[in-house]
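Report on the following structure.
Every read-out reported here was derived from the displayed coordinates using simple, explicitly stated rules and does not represent laboratory data. Quick caveat: nothing in here was measured; it's all calculated off a predicted structure. Note that each Cβ is placed from the backbone with ideal geometry, even for glycine, and that neighbours are counted across all protein chains shown.
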Amino acid sequence: MNHLEAGALWNANAEAWTQLSRAGYDVYRDHLNTPAFLASLPEVTGLHGLDIGCGEGHNTRLVAQRGARMTGIDIAEIFIRHAKAKEAISPLGIQYQTASAVALPFDSAAFDFATGFMSLMDIPETQLVLAEAHRVIRPGGFLQFSILHPCFNPPHRHNCRDEDNVTYAVEVGEYFTDARGRVDEWTFGVAPEALRGRYPKFRVPRFHRPISEWFNLLVAAGFQIEYVGEPKPANETVERWPILQDAQVVAYFLHFRVRKTAR
């Protein structure tokens with residue numbers, strides 16, 4: 001599977017994903033992953049940023065609200081259509097366009113920084129994506145991105161629960177299995193069944209890489225690693241959103257911030 005085939009799957013997911021996530025059912029994003037990402041994001045006021053794989057623009061808008069001048073790209077045309085519609089209603093000065101992360105339509109050193117909220121893991125040509133991100137970021141600029149944690153979300157994962165349905169361990173396997181291109185089907189579990197029934201399940205391509213491969217690809221692309229994060233929900237958050245409890249047992253997400261050298 002290449003980026004065009006993966007993009008076609010995401011374009012097919014885009015309508016349901018936009019509607020359900022905007023209705024508040026992407027709980028892991030809204031109450032764990034994105035807050036942790038933004039908490040570790042450096043000051044971006046006045047900087048020009050690129051959001052790679054911006055989807056319907058939710059996280060792009062949050063970064064723009066921190067004072068950055070944002071551009072968002074996504075290979076899925078339906079996502080970009082929704083992002084542009086939201087921008088028209090509530091302008092933040094964000095420019096959106098349909099484009100592939102493996103061939104960014106921008107000049108070299110065009111951006112002060114780039115972000116990738118749970119997008120880089122969904123593109124099979126990771127080496128090309130990182131090379132393109134490195135090219136369009138100015139010297140001294142940074143790339144910050146989040147992915148599913150490779151150690152705790154390999155091809156085989158099973159939550160071990162007690163009699164109260166509380167996760168006490170996570171069984172993982174096939175960590176070194178090359179399952180790239182496998183398509184998983186799922187939807188947001190907290191959405192009401194009647195609402196979920198209106199849309200087909202998401203068909204999400206998986207391109208699992210061991211954690212060592214991610215580190216080596218970043219170094220090979222010319223980046224220097226300066227921050228690694230593994231967000232964990234607070235007890236108060238889990239009390240409000242019990243579905244997040246398993247993310248207190250193992251790290252569900254992995255965050256990187258890497259920097260292009262100034263020379």
Open item on the list: Under a Cβ-only charge scheme (Lys and Arg +1, Asp and Glu -1), can you give me the dipole magnitude of the chain about the Cα centre, in debye to the nearest 20?
Closed with: 700 debye
Open item on the list: For the chain, take the longest principal axis of its alpha carbons; what is the angle in degrees between that and the long axis of helix 77-89, to the nearest 10 within 0 to 90?
Closed with: 80 degrees
Open item on the list: Amide H of His48 versus every other amide H placed in the peptide plane: which residues, excluding those fewer than 5 positions away on the same chain, fall under 5 Å?
Closed with: Arg69, Asp112, Phe113
- [ ] Pull up all non-local amide H partners of Phe207: gap of 5 or more, or a different chain, and H-to-H distance under 5 Å with H placed in the peptide plane.
- [x] Gly181
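List the GluC sites (Glu not before Pro) within region 10-81 that DSSP assigns to loop and that have no more than 14 neighbouring Cβ atoms inside 10 Å.
Here the GluC sites (Glu not before Pro) that fit, given the DSSP loop and packing criteria, are Glu43.
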TODO: Of the DSSP beta bridges with both residues in the chain, give the percent that are antiparallel, rounding to the nearest 5.
DONE: 55 percent
- [ ] Just grab the label-to-label distance for Glu77 and Ala131, each label 7 Å out from Cα along the Cβ direction, in nm (one decimal).
- [x] 2.8 nm
- [ ] For helix 211-220, report the angle its Cα long axis makes with the longest principal axis of the Cα atoms of the chain; keep it between 0 and 90° and round to the nearest 10°.
- [x] 0 degrees
TODO: Determine the gain in length on full extension of the stretch Tyr168-Arg66; use 0.36 nm per residue of separation and subtract their C-alpha separation, reporting nm with one decimal.
DONE: 33.0 nm
TODO: Using every pair of alpha-carbon atoms in the chain, split the distances into 5 Å bins beginning at 0 and state the percent of pairs per bin, rounded to integers.
DONE: 1, 6, 12, 17, 20, 19, 14, 7, 3, 1, 0, 0
TODO: Compute the label zone of Arg198 within region 1-41: residues whose backbone N is under 19 Å from the point 7 Å along Cα-to-Cβ.
DONE: 12-27
Task: Per-residue [θ]222 nm for the chain (sum of -39500 (n - 2.57) over DSSP H runs n ≥ 4, rounded to 500) - done: -8500 deg cm²/dmol
Open item on the list: To check my understanding: the extent here is largest minus smallest coordinate of the Cα atoms along each principal axis. What are those three numbers for region 197-261, in Å, largest first?
Closed with: 45, 33, 19
Open item on the list: How tilted is helix 3-22 with respect to the longest principal axis of the chain? Cα atoms for both, answer in degrees (0 to 90, nearest 10).
Closed with: 70 degrees
- [ ] Report the full-extension gain for the segment Ile225 to His156: residue separation times 0.36 nm, less the Cα-Cα distance, to one decimal in nm.
- [x] 22.0 nm
TODO: Within region 198-259, list the chymotrypsin sites (Phe, Trp or Tyr not before Pro) lying in a DSSP loop whose Cβ has at most 12 other Cβ atoms in a 10 Å radius.
DONE: none
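Can you list which of the GluC sites (Glu not before Pro) found in region 156-256 are DSSP loop residues with at most 10 other C-beta atoms within 10 Å? Mind showing how you got there, number by number?
Values: sites: Glu163, Glu171, Glu174, Glu185, Glu193, Glu213, Glu226, Glu236, Glu239; in loops: Glu163, Glu174.
Answer by residue number: Glu163.
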